[in-house]
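The values are calculated or read from the model by the stated rules, or taken from the named source; none is laboratory data. Here the structure is a predicted model, which means the values were calculated and not measured. Note that each Cβ is placed from the backbone with ideal geometry, even for glycine, and that neighbours are counted across all protein chains shown.
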Amino acid sequence: MRAGILPLVVSAAVLAAGCYTGKLDRTELTPKGPTAEELYIAKSHAINGRAPTFGEKRRWESEVEERVYKYLREHPELEQTTRYSEFRFWWQVTNGSTPDEVRVLLEEPGEQTIDPVQMAALAGPQWNEIQTKTIKEAWFYPPAWVLYFDDASVVAIVHKVSSMAPSQ
C-alpha cells in the first residue's frame with residue numbers, strides 16, 4: 001500500500017510546485033525596453049511556432065534598417081541625444097524614446113490604453129513608482145513589455161518576467 005501512496009505524494013508535490021511557480025512571476029521596472037529583434041523573434045514564435053529563417057530575418061533586418069535610416073535623416077537632432085546609440089545600433093527602446101521612435105523600431109503595439117486602472121494592472125507592483133510620473137498612455141508589446149508615455153516620450157518601462165526565465 002505504501003508503494004501506491006508514494007507516486008500520489010510525488011504527483012501532488014509536483015502539481016503544487018507547478019502552481020506555486022506562477023506566483024513567482026514578477027514585473028521589473030527597467031530603463032531599457034525591448035529590442036526590435038527580441039520582439040520580432042517572439043512574434044515569429046507566436047505566429048509560426050518557430051524562430052524566423054535566415055532569409056526571413058535578413059528581410060526583416062533590411063526593413064528595420066531602412067526605417068531607422070529614414071527616421072534619422074528626418075530627425076538629425078536625435079544624434080545629439082543619449083538615446084542615439086540604442087536607437088541607431090541596438091534598435092532598442094529606452095526612457096525618453098518618442099512614440100514615433102518606438103513605432104519605427106517596434107511597429108504598432110499589441111494594445112494601447114489610457115485607462116488608469118488598466119495601466120495600473122499592467123504595471124503590477126511597479127505602479128506605486130510609476131504613478132508618480134505624468135502618465136498619459138501605456139502600450140503593450142507581447143509577450144511581456146509595457147511602455148508608459150507622458151505627452152512626449154517613454155517615461156517608464158515594465159518587463160513582465162516569468163518565473164521560468166533564467167536569472168541574470
Quiz item: Given (1) over 23 Å from residue 157 (Cβ atoms); (2) free of Cβ contacts under 8 Å to residues at least 12 places away in the same chain; (3) not aliphatic (A, V, I, L, M), where does residue 57 come up short, assuming only one miss?
Solution: (2)
Quiz item: Only one of these conditions is not met by residue 27: (1) modelled with pLDDT of 95 or more; (2) surrounded by 14 or more Cβ atoms within 10 Å (Cβ to Cβ); (3) closer than 20 Å to residue 159 by Cβ; (4) not charged (D, E, K, R). Which number is it?
Solution: (1)
Quiz item: If you go through region 138-168, how many residues are without any contact (Cβ under 8 Å) to a residue 40 or more places away in the chain and either over 18 Å from residue 34 (Cα atoms) or loosely packed, with under 12 Cβ neighbours inside 10 Å (or both)?
Solution: 5
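Being within 26 Å of residue 47 (Cβ to Cβ), touching a Lys or Arg at 6+ places or on another chain (Cβ under 9 Å), modelled with pLDDT under 95 and not aliphatic (A, V, I, L, M): is that true of residue 97 here?
No.
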